Amino acid sequence: MPWIDPNFPKTETPSDLVGRVLGLNPGMMTGPGTNTYLVGRAEPILIDTGAGVPDYVPVFDGYLRSRGWTRPARIVLTHRHRDHLGGVPHLRERFPALRVSKMIFRDEGLPEATEDLREGEQVVGDGVTLVPVHTPGHASDHLCYYLPEERALFSGDLILNGSTSVIPDGDGDLGQYMDSLRRVQRMDIRRIYPAHGPVIEDGPAKIQEYIDHRLLRERQILETLGAGARTIPDVVKIVYAEVPEKLHAMAGQSVHSHLKKLLGEGRVREERQANAPSRWTLS
Ligand SMILES: [Zn+2]
C-alpha cells in the first residue's frame, strides 16, 4: 500500500468505541493525511483535529450525523504540530465553547484557552477512559492516549503505519524517542491507532519493528563512520543509497538525530567546522 494512499477511506468505524475521520491533508510527512479519532459511545472525545483543511468540518459533521451524534464532548491533542491542532479554530466555529486540552510544554501560539493535560490525569468519556502517556522524542510535548477498555493505544506520531516517525532537529530527541518506544512496549497493548496510516492490529509487533529499525540504522551509521565516512552527507549517501536523492535532506536529519544520541552516549565525537558540515568520528 502506498504511503500517500489516495483511496484511504475518509471515515471509518474501526471499533464500537472508536471512529475515525481523515484530516484530508495528504503529503510526504502525513501520508494519506492526519487521522482524527472519536472515542466513546456518545458525545465522543476527539483526539487531534487535522491541519485545518476547510473540507474537514463537513466530512466530520457527516460522520457525526451518521453515528447519531451531535457534537464532540471535547478535544484532546497528541502534540503541537500543525497537522494535529490546525483544525481547532474551524471546529470551534462549528461547535462553540469546545474545550481543548494538551500537554502544555515549550509551547507558543496555542489555540485560545488551551488547557494543560498531564500524564497522571485521565480523560473520562462515555464508556471510555483515555490515559495520557508522555512520550517525547518526535516532539517534547507528545502524549499518547491509552484506552484500557480496548487495550489500545492512540499513538499520535510516536508510531505511524507506513512510514517512520521524523525526529526533528531542535525539539526532537532520538534517545527520548527510543525510551518512549520501550515504555509503550512494556504496556498491555493489542491494537494501535496511529495518527497517520491504517489501524495496526498487532501493536507489539509494530513497536518491536520500530525499535529494530532504529537500532539497525544506528549500527549502519557506526559502521559507516568506522569505514571512514566523516560528514552527514557522506553517511547519507551510503546508508540511504536506495532512497531517492530528493529525500536525502530528511535522511540527513535522521542521521543527525542518531549522531546526537551517540554523542550524548560518548560513542562518537563531533568536530565542528567553520563553513562546512561537522566531521564525525568514533570515540
Ligand atoms: Zn508530529
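Rounded to the nearest 5, what is the percent of antiparallel bridges among the DSSP beta bridges in the range 1-101? Around 70 percent of the beta bridges assigned by DSSP in the range 1-101 are antiparallel ones. Taking a ≥ b ≥ c as the square roots of the eigenvalues of the Cα gyration tensor of the range 42-83, is the shape rounded (a/c under 1.5), prolate (a/b larger than b/c) or oblate? Verdict is oblate for the range 42-83.
Overall shape: oblate for the range 79-135, with the ratio a/c of the largest to smallest alpha carbon gyration tensor axis at 1.5 or above and b/c at least equal to a/b. Note on the range 127-194: antiparallel DSSP beta bridges, both residues inside, total approximately 65 percent of the bridges counted. Rounded to the nearest 20 debye, the dipole size of the chain about its Cα centre is 220 debye, using +1 on the Cβ of Lys and Arg and -1 on the Cβ of Asp and Glu. Normalised by the number of residues in the range 136-283, the average gap of Cα pairs under 8 Å and 6 or more apart makes the relative contact order 21 percent.
Comparing P244, T49, L160 along the charge dipole axis of the chain, the residue lying farthest to the positive side is P244, per the Cβ-charge model. Need one number: % antiparallel among DSSP beta bridges in the chain, to the nearest 5. Of all bridge pairs located within the chain, approximately 70 percent are antiparallel. Shown in residue order for the range 181-196 are the 3J(HN,Hα) couplings computed by the Karplus curve 6.51 cos²θ - 1.76 cosθ + 1.60 at θ = phi - 60°: 4, 5, 5, 6, 4, 7, 7, 8, 10, 9, 9, 10, 9, x, 6, 9 Hz (x for Gly and Pro). In the chain, the ratio of gyration radius to Kirkwood radius, Rg to Rh, stands at 1.00 when only Cα atoms are counted.
Rounded to the nearest 0.05, the FRET efficiency derived from the C-beta distance between T129 and R219 at R0 = 41 Å is 0.55. In loop segments of the range 207-283 as defined by DSSP, the GluC sites (Glu not before Pro) with at most 16 further C-beta atoms inside 10 Å of their C-beta are E242, E265.
Would you mind putting 163-170, 248-255, 45-52, 73-80 in packing order, based on average other-beta-carbon counts within 10 Å, highest first?
Highest to lowest by the protection proxy: 45-52, 73-80, 248-255, 163-170.
Rounded to the nearest Hz, the phi-derived 3J(HN,Hα) couplings of the range 88-97 under the Karplus curve 6.51 cos²θ - 1.76 cosθ + 1.60 (θ = phi - 60°) are 4, x, 4, 5, 6, 5, 6, 10, x, 6, where x marks glycine and proline. Applying 1/(1 + (r/R0)^6) with R0 = 22 Å to the Cβ-Cβ distance of Q208 and R151, what FRET efficiency is obtained, to the nearest 0.05? The computed FRET efficiency comes out at 0.85. When the Cα positions of G62, V133, L110 are compared along the charge dipole of the range 52-134, G62 comes out farthest toward the positive end, with charges on each C-beta of Lys, Arg, Asp and Glu. Summed over qualifying helices (DSSP H, 4 residues or more, each -39500 (n - 2.57)) and divided by its residue number, the chain shows a 222 nm mean residue ellipticity of -9000 deg cm²/dmol. What nm value, rounded to one decimal, do you get for the distance between A274 and M1 when each label is placed 7 Å out toward the C-beta? So the two model labels end up 5.3 nm from each other.
Close amide H pairs (under 5 Å, H built 1.01 Å from N) link R74 with L46, residues at least 5 positions away or on another chain. Taking a cut-off of 21 Å between Cα atoms, list the lysines near K260, but don't count ones fewer than 8 places away on the same chain. Output for K260: K237. With N counted as the residues of the range 182-283, its alpha-carbon radius of gyration over 2.2 N^0.38 Å works out to 1.28. The 3J(HN,Hα) values that the Karplus relation (6.51, -1.76, 1.60; θ = phi - 60°) gives for the range 49-61 are, in residue order, 9, x, 8, x, 5, x, 5, 5, 4, x, 5, 4, 4 Hz. Gly and Pro appear as x.
Of the trypsin sites (Lys or Arg not before Pro) found in the range 197-283, those in coil by DSSP whose Cβ has at most 11 other Cβ atoms within 10 Å are R272. Ranking H84, S101, A73 by how far each Cα lies toward the positive end of the dipole of the range 69-110 (charges on Cβ) leaves A73 at the top.
Values quoted throughout were computed directly from the atomic coordinates according to the rules given, and no laboratory measurement underlies them. Model, not experiment: these values are computed from the prediction. Here the Cβ is made from the backbone with ideal geometry for all residues, glycine too, and neighbour counts use every protein chain on show.
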